[in-house]
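Below is one structure, written out as structure tokens; the observations come after it.
The values are calculated or read from the model by the stated rules, or taken from the named source; none is laboratory data. Owing to the predicted nature of the structure, the values given are computational and were not obtained by experimental measurement. In this analysis, Cβ positions are derived from the backbone assuming ideal geometry, glycine residues included, and neighbour counts consider all displayed protein chains.
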Amino acid sequence: MPVFWIFVIVLALTGAGFVMGRARALSSVDGDRRRLHSLPSYAGALVAMSAFLPALALFVLMLALNATGMILTGATLLATLIGIALSLRLISPEFRARNAVETGVRGLLIAAASVAILTTIGIVLSLVFNTVEFFNLYPIKAFFLGLNWTPSFGGGSELGILPLLWGTLYISFIALLVAVPIGLYAAVYLSEYASHPVRSAIKPLLEILAGIPTIVYGLFALLTVGPFLMSIFGPNGPTAAIAENGWMHAGTAVMTAGLVMGIMLIPFVSSLSDDIINAVPQSLRDGSYGLGATKSETIKQVILPAALPGIVGAILLAASRAIGETMIVVLGAGAAARLSLNPFDAMTTVTAKIVSQLTGDADFASPEALVAFSLAMTLFVITLGLNIFALWIVRKYREQYE
Amino acid sequence: MSDATHSAPHKPTSRSLHAVDARTKRRNASESRFKAMGIGAIGIGLAFLVLLLSTIVVNGSSAFQQTFIDVPVYLDPAKIDKKGNRDLADLKKATTFTYAPLIQNGLLDVVQKAGLETDLSKAKELKNLISASAAAQVRDRVLADPSLIGQTIDFKILASSRVDGYLKGRVKRADIAQDKNISVAQLDLTDALRKAGVIHKGFNTAFIFGADASDSRAEQAGIGVSMLGSFYMMLVVLVLALPIGVAASIYLEEFAAKNRFTDLIEVNISNLAAVPSIVFGILGLSVFIQFAHLPQSAPLVGGLVLTLMTLPTIIISTRAALKAVPPSIRDAALGVGASKMQSVFHHVLPLAMPGILTGTIIGLAQALGETAPLLLIGMVGYVATNTPDGFIDGFVSPNSAMPAQIYEWAKRADPAFYERAWGGIIILLVFLLSMNIIAIILRRKFERRW
């Protein structure tokens with residue numbers, strides 16, 4: 001593993017550079033450290049930084065250019081040594097080593113903060129390039145307006161996004177139908193009625209639901225909720241008499257995934273709305289109580305209207321979560337793309353298809369694989385839009401009371 | 001001048017403070033209804049939690065038990081070592097197909113010696129009781145110590161997944177009519193062997209430490225290798241996300257001027273926190289694998305993707321921790337002559353450390369449970385078949401991760417794998433739980449209120 005050894009050697013040289021820099025600073029003033037501008041360890045740190053950082057940058061650059069073997073090793077080690085030599089020459093009693101080190105550290109801090117920007121750029125570029133490539137192979141109109149999703153790796157597949165979007169929105173809608181009333185009532189109770197000990201006991205318990213990995217919910221949907229719904233709405237269930245053969249034909253369905261996703265979103269809705277309800281000024285409550293309103297009247301007629309924009313924001317954030325959720329729908333919603341109104345039909349979503357198109361055996365340059373990037377692009381744009389809109393609403397609402 | 005004095009005189013009503021009138025009753029009823037709805041909502045939420053956890057425990061705990069068979073196997077030299085020279089190269093030529101009949105013969109001997117009544121008189125008919133992995137187990141033992149050849153050695157081998165499922169109640173007699181892998185006579189024999197103590201259940205260490213097995217050998221599948229994959233990923237996340245996240249937060253909280261660049265970073269961080277995880281998988285696939293040519297299915301790449309995903313979480317909590325350190329600390333440091341950088345690194349950062357660590361652990365727990373992006377970079381379950389050799393290899397050799405392994409098992413056709421999936425979830429949740437408990441303890445113990 002030469003890369004590993006290069007790394008070890010560079011680190012060792014860096015350590016040696018620190019010791020040398022410190023020693024040189026001390027010897028430049030014959031051990032009388034009071035005559036130095038900076039503490040001697042700053043001189044050491046400067047040498048260490050100039051040994052390590054340029055070498056690291058060069059190393060990454062050369063890896064990106066596919067350099068290997070001796071050239072890579074030699075160049076990296078040379079950069080390290082040059083860095084040590086040049087910085088050692090700088091050291092003198094008057095040299096402002098601390099300022100130099102602090103400028104360097106500041107640069108590192110800025111670089112770390114820029115990782116967020118780089119990540120976004122990386123996401124956008126990887127989505128855009130591959131999406132453009134996909135639209136070179138497949139007509140853009142057929143993708144956005146097509147009503148059929150029938151990928152076949154032999155070619156001649158129809159890749160219309162509409163059935164996937166429909167499945168995504170339908171499942172998210174059912175999830176919100178479960179999560180919003182439960183989450184909202186729970187938030188109202190916790191923030192307005194519950195005593196302090198009850199609140200501090202229940203809130204973390206509900207938030208456990210948010211901490212459980214989505215794969216667990218997926219398995220729960222596939223193996224517990226699906227069969228349970230089948231036993232009621234399936235061909236052998238009590239409802240079979242109403243609809244011929246029952247409404248449900250397989251355990252995986254919109255309802256299965258939606259219900260489970262709803263459970264997952266309960267704490268999300270409740271803790272966001274809890275924050276928002278708590279931000280409503282106490283004076284509004286007091287005013288309402290003073291007029292003789294009961295607690296529930298105050299909540300329904302004063303607090304909730306006042307908190308409404310924030311709550312709408314919270315619901316939109318929850319919706320964006322639901323739309324981007326993957327594992328629950330991969331396991332719980334089924335694989336067939338379908339435009340249907342029956343919530344007990346199996347449908348599929350944008351995220352589930354991203355997984356299936358990219359984990360299959362498809363050739364990476366085929367439209368069947370590349371379509372995943374356009375799906376992801378659509379998903380990214382939708383969730384980003386929802387988020388920006390929701391955050392804007394929440395912020396606007398907060399400013400109202402500040 | 002108020003209107004009240006001019007309004008028509010009130011008609012005296014027969015209201016009393018002691019008897020509640022209809023309107024008040026209605027309002028009070030609506031009040032208690034509303035309150036009951038709130039309690040009901042919380043009750044439903046908690047009921048879901050209990051249901052979820054109890055489902056996991058009920059379905060998953062059986063994965064920690066496994067059925068074993070004690071079989072004395074006669075290691076027949078005529079079959080294993082046809083040349084009779086005990087040469088390792090020649091011994092390796094004997095495949096598991098050579099060993100399987102030996103085990104079946106051994107089991108038949110046990111049955112006949114114990115005088116158990118059964119219609120199965122041929123060794124071959126016992127095949128379905130024995131795991132397909134048993135032959136490999138015996139062969140490995142022989143290759144490790146060729147001097148055993150010619151002796152009768154006691155082996156503790158795995159029972160097949162049908163036998164295991166029968167003893168656990170998963171496989172029922174009523175359902176096996178179509179099943180090629182087990183028959184009623186074989187189940188009868190299983191019961192008899194169970195009574196004789198030959199077949200017994202034991203703790204399933206192989207599940208916790210073992211590797212994934214192929215579709216036909218559910219009884220052998222373990223989560224150990226993918227656990228290692230998760231471990232290496234978490235190392236990468238810790239080593240990268242903690243320093244980068246802390247550095248970014250320090251810059252934003254302590255140094256950044258209020259300008260457009262800072263705003264851009266802030267907007268990016270809050271948006272990244274809300275990007276669906278699968279999109280990070282796309283990023284990993286095209287940037288790290290297609291563009292940078294890093295190895296596919298490697299925990300290193302998984303760790304990089306999860307690092308980018310966890311960064312917003314860590315940054316948000318680190319900033320909160322930095323904000324909680326009162327300005328007086330910074331002022332005092334600056335007042336005695338420290339530079340801005342020194343005041344932050346010598347005073348503010350150590351005081352914020354408990355909060356930062358708590359946030360980091362929670363971010364790690366989030367990353368540990370993440371599945372979707374890993375599937376896109378090839379860390380799918382069935383990859384986890386070999387324990388990596390050595391520390392470095394652990395980062396680059398193909399592996400899976402715990403949640404991806406669970407997903408893989410959930411997808412397989414044989415219900416025997418479902419039990420493993422639930423069991424895997426128990427292990428995953430134990431990890432998450434302990435991480436969260438550590439975070440809570442850290443917070444309780446070190447958090448300072450200013």
Pairs with Cβ under 8 Å, 6+ apart, first in the stretch A:131-142 and under 12 Å from A:Gly160 (Cβ atoms), second in a helix (DSSP H, G or I) and among the β-branched types (Val, Ile, Thr):
A:Tyr138/A:Val371
I need a count of the residues in the stretch A:349-370 that are in a helix (DSSP H, G or I) and either out of contact with any Phe, Trp or Tyr (no Cβ under 6 Å at 6 or more places or on another chain) or facing chain B (nearest Cβ under 10 Å) (or both).
11
Selection status of A:Ile311, under 20 Å from A:Phe173 (Cα atoms), touching a helix residue (DSSP H, G or I) at 6+ places or on another chain (Cβ under 8 Å) and more than 10 Å from every other protein chain (Cβ to nearest Cβ):
yes
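Residue-by-condition table, conditions (1) at pLDDT 85 or above; (2) under 13 Å from the mean Cα position of the chain (by Cα); (3) of a type in the set (Asp, Glu):
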| position | (1), (2), (3) |
| --- | --- |
| B:Asp393 | no, no, yes |
| B:Pro403 | yes, yes, no |
| B:Tyr407 | yes, yes, no |
| B:Phe417 | yes, no, no |
| B:Ile426 | yes, yes, no |
| B:Ile440 | yes, no, no |
| B:Trp450 | no, no, no |
Quick check: anything in the stretch A:116-130 hydroxyl-bearing (Ser, Thr, Tyr), touching a residue at least 24 places away in the same chain (Cβ under 8 Å) and part of a helix (DSSP H, G or I)?
yes
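Could you tell me which residue of the stretch B:284-317 is nearest to A:Leu127 (Cα to Cα), considering only residues that are of a type in the set (S, T, N, Q) and within 11 Å of chain A (Cβ to nearest Cβ)?
From the stretch B:284-317, those of a type in the set (S, T, N, Q) are B:286, B:290, B:296-297, B:307, B:310, B:313, B:317; that's our starting set.
Adding the requirement that they be within 11 Å of chain A (Cβ to nearest Cβ) leaves B:286, B:290, B:307.
Numbers: B:Ser286: 9, B:Gln290: 13, B:Thr307: 19 Å.
Taking the candidates together, the pick is B:Ser286.
So is A:Met62 at pLDDT below 90, at negative phi and surrounded by 15 or more Cβ atoms within 10 Å (Cβ to Cβ) or not? Break it down into steps so the answer makes sense when it comes.
Values: at pLDDT below 90: yes; at negative phi: yes; surrounded by 15 or more Cβ atoms within 10 Å (Cβ to Cβ): yes.
Yes; evaluated as a whole, the condition is true for this residue.
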Among the candidates A:Phe143, A:Phe173, single out the residue that is surrounded by 14 or more Cβ atoms within 10 Å (Cβ to Cβ) and more than 23 Å from B:Ser277 (Cβ to Cβ).
A:Phe143
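Check B:Glu266, B:Glu219 and return the single one that is of a type in the set (D, E, K, R) and touching a residue at least 24 places away in the same chain (Cβ under 8 Å).
Working: B:Glu266 fails: touching a residue at least 24 places away in the same chain (Cβ under 8 Å).
B:Glu219 is the lone residue from the list that is of a type in the set (D, E, K, R) and touching a residue at least 24 places away in the same chain (Cβ under 8 Å).
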With respect to B:Leu238, is the statement that it is within 11 Å of chain A (Cβ to nearest Cβ) and modelled with pLDDT of 85 or more true?
no
Considering only the stretch B:311-339, state which residues are more than 44 Å from the chain's Cα centre (by Cα) and part of a helix (DSSP H, G or I).
B:Ser328, B:Asp331, B:Ala332, B:Ala333, B:Leu334, B:Gly335
Do we find that A:Pro181 is assigned to a helix (DSSP H, G or I), without any contact (Cβ under 8 Å) to a residue 12 or more places away in the chain and either among the aromatic types (Phe, Trp, Tyr) or within 8 Å of chain B (Cβ to nearest Cβ) (or both) in this structure?
yes
Restricting to the stretch B:374-401, count the residues that are facing chain A (nearest Cβ under 9 Å) and on the phi < 0 side of the Ramachandran plot.
6
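Return the residues of the stretch A:65-104 that are within 14 Å of another protein chain (Cβ to nearest Cβ), of a type outside the set (Gly, Ala, Ser) and surrounded by fewer than 16 Cβ atoms within 10 Å (Cβ to Cβ); say none if nothing qualifies.
Our first condition is that a residue be within 14 Å of another protein chain (Cβ to nearest Cβ); within the stretch A:65-104, this holds for A:65-68, A:96-104.
Applying the additional criterion that residues be of a type outside the set (Gly, Ala, Ser) yields A:65-66, A:68, A:96, A:98-99, A:101-103.
Selection gives A:Leu65, A:Asn66, A:Thr68, A:Arg96, A:Asn99, A:Thr103.
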Residue list for the stretch A:378-389, filter: of a type in the set (A, V, I, L, M, F, W, C) and more than 9 Å from chain B (Cβ to nearest Cβ)
A:Val381, A:Ile382, A:Phe389
Looking at B:Phe68, B:Phe64, which is the one that is at pLDDT 90 or above, away from chain A (no Cβ under 14 Å) and more than 19 Å from the chain's Cα centre (by Cα)?
B:Phe68
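Would you confirm, using the coordinates I've provided, whether B:Thr358 is at pLDDT below 85 and either in a loop (DSSP other than H, G, I, E, B) or more than 8 Å from chain A (Cβ to nearest Cβ) (or both)? Walk me through how you get there before you give the answer.
Numbers: at pLDDT below 85: no; either in a loop (DSSP other than H, G, I, E, B) or more than 8 Å from chain A (Cβ to nearest Cβ) (or both): yes.
No; evaluated as a whole, the condition is false for this residue.
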Failed item, numbered, when B:Ala257 is tested on (1) surrounded by fewer than 22 Cβ atoms within 10 Å (Cβ to Cβ); (2) more than 8 Å from every other protein chain (Cβ to nearest Cβ); (3) touching a residue at least 60 places away in the same chain (Cβ under 8 Å)
(3)
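May I ask you to say which residue of B:Ser183, B:Ser133 is within 25 Å of B:Pro415 (Cβ to Cβ), touching a residue at least 24 places away in the same chain (Cβ under 8 Å), out of contact with any strand residue (DSSP E or B) (no Cβ under 8 Å at 6 or more places or on another chain) and of a type in the set (Ser, Thr, Tyr)?
Details: B:Ser133 fails: out of contact with any strand residue (DSSP E or B) (no Cβ under 8 Å at 6 or more places or on another chain).
Unique residue meeting the criteria: B:Ser183.
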When A:Glu133 is evaluated against the numbered criteria (1) over 28 Å from A:Ala369 (Cα atoms); (2) surrounded by 15 or more Cβ atoms within 10 Å (Cβ to Cβ); (3) more than 8 Å from every other protein chain (Cβ to nearest Cβ), which criterion, by number, is the only one it fails?
(1)
Near pairs, Cβ below 9 angstrom, 6+ apart or cross-chain, from the stretch A:21-40 (buried (at least 19 other Cβ atoms within 10 Å of the Cβ)) to any residue that is of a type in the set (Lys, Arg)
A:Ala25/A:Arg33; A:Ser38/A:Arg96; A:Ser38/A:Arg98; A:Pro40/A:Arg22; A:Pro40/A:Arg24; A:Pro40/A:Arg33
Unmet requirement for A:Pro204, which otherwise passes all of (1) in contact with an Asp or Glu (Cβ under 9 Å, 6 or more places away or on another chain); (2) in the same structural domain as A:Ala352 (by TED's automatic domain parsing); (3) surrounded by fewer than 20 Cβ atoms within 10 Å (Cβ to Cβ)
(1)
Does the stretch B:65-88 contain any residue that is over 17 Å from B:Phe155 (Cβ atoms), buried (at least 16 other Cβ atoms within 10 Å of the Cβ), assigned by TED's automatic domain parsing to the domain that holds B:Asp191 and in contact with a Gly (Cβ under 8 Å, 6 or more places away or on another chain)?
yes
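Residues to consider are B:Phe207, B:Phe203; find the one that is surrounded by fewer than 22 Cβ atoms within 10 Å (Cβ to Cβ) and on the phi < 0 side of the Ramachandran plot. Lay out the reasoning, then the answer.
Details: B:Phe207 fails: surrounded by fewer than 22 Cβ atoms within 10 Å (Cβ to Cβ).
Just one listed residue meets the conditions, B:Phe203.
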What is the one condition in (1) more than 25 Å from A:Thr351 (Cβ to Cβ); (2) touching a residue at least 60 places away in the same chain (Cβ under 8 Å); (3) not polar (S, T, N, Q) that B:Gly303 does not satisfy?
(1)
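Is there a residue in the stretch A:358-373 that is under 20 Å from the mean Cα position of the chain (by Cα), assigned by TED's automatic domain parsing to the domain that holds A:Met248 and among the polar types (S, T, N, Q)? Full working, then the answer.
Quick first cut of the stretch A:358-373, residues under 20 Å from the mean Cα position of the chain (by Cα) only: A:358, A:372-373.
Cutting the leftovers down to assigned by TED's automatic domain parsing to the domain that holds A:Met248 gives us A:358, A:372-373.
Checking the rest, the ones that are also among the polar types (S, T, N, Q) come to none.
Scanning the stretch A:358-373, I find no residue that is under 20 Å from the mean Cα position of the chain (by Cα), assigned by TED's automatic domain parsing to the domain that holds A:Met248 and among the polar types (S, T, N, Q), so the answer is no.
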